[in-house]
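Okay, so here's the structure we're looking at.
The values are calculated or read from the model by the stated rules, or taken from the named source; none is laboratory data. Everything numeric in this text was worked out from a predicted model, so none of it was measured. Here Cβ is always computed from backbone atoms with ideal geometry, including for glycine, and neighbour counts include all displayed protein chains.
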Amino acid sequence: MRQVASKVLGHMRLELRAKLREREDTVLLELSGQDASYFLDNDGEPLDALQHVLNKILSRDERFTKRVVVDCEGFRSRRDEELVARARKAADEAIATGEAQHLEGLNPYERRLVHIDLAERGGVRTYSTGSGAIRRLTIEPTGEPRDDQGGHGGEGAGRSDETGGAGES
C-alpha cells in the first residue's frame, strides 16, 4: 500500500505529506501539506478520485483485503460525520412517519458508509437505486425496534442490493 500510494502521489508532483494508519478493515491515508488544498476543490472530488484509483489498483492484489480511505486535512472525516448525521436524521424521520426517506447523489463510498451505520442501528433498512456511480439511497422503516431500544434490527435491517466496495457502479 505504501509503495503504491507513494508512486501515485509522486507522479502528481505536489508538495504533500502522507501518513498511513491501519484500522480494522481500512487503511487511512491522510494527506497534508502546501498543495493539499487541490484535493478539496469541487467538494472533494479529487480526493474521491484518488481514493477510487488507489482502491482499483490495490484490488488487483489478492493479498490486500482492506479498503483505502483517503482524507485531506480532516475534510473526509468532517464530511463523513455530516453525512452520517443526515442519514440518522432521515432514519428517525422514516421511523416517526412510517415513510421512506431518500438521500440523493451519493457515491459508492458514501452509500457504503450509510448502509453500515444504519445496519448497526436497526429499525430501518437501506437500499440504493439508480445506475452509475452516483445513486439514490432509500431508508425504509422496518417496523421493528431499533438496536438502542432493545431490538435486534431484524432481517430487513441494513444493506439489500449493495455489497459496498470502491468504485462500484
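Within the stretch 86-130, work out how many residues are acidic (Asp, Glu), closer than 17 Å to Asp48 by Cβ and crowded, with 16+ Cβ neighbours inside 10 Å.
Result for the stretch 86-130: 1.
Among the residues of the stretch 16-37, is any assigned to a helix (DSSP H, G or I) and either more than 30 Å from Pro141 (Cβ to Cβ) or modelled with pLDDT under 90 (or both)?
Among the residues of the stretch 16-37, at least one is assigned to a helix (DSSP H, G or I) and either more than 30 Å from Pro141 (Cβ to Cβ) or modelled with pLDDT under 90 (or both), which makes the answer yes.
Kindly establish whether Phe64 is surrounded by fewer than 16 Cβ atoms within 10 Å (Cβ to Cβ), among the aromatic types (Phe, Trp, Tyr) and either in contact with a helix residue (DSSP H, G or I) (Cβ under 7 Å, 6 or more places away or on another chain) or not assigned by TED's automatic domain parsing to the domain that holds Lys19 (or both).
The answer is yes for Phe64.
Mind listing just one residue for me: the one in the stretch 45-56 that is surrounded by fewer than 18 Cβ atoms within 10 Å (Cβ to Cβ) and in contact (Cβ under 8 Å) with a residue 24 or more places away in the chain and, of those, farthest from Arg67 (Cα to Cα)?
Taking the candidates together, the pick is Val53.
Somewhere in the stretch 3-10, is a residue touching a strand residue (DSSP E or B) at 6+ places or on another chain (Cβ under 7 Å) and surrounded by fewer than 17 Cβ atoms within 10 Å (Cβ to Cβ)?
Within the stretch 3-10, none of the residues are touching a strand residue (DSSP E or B) at 6+ places or on another chain (Cβ under 7 Å) and surrounded by fewer than 17 Cβ atoms within 10 Å (Cβ to Cβ).
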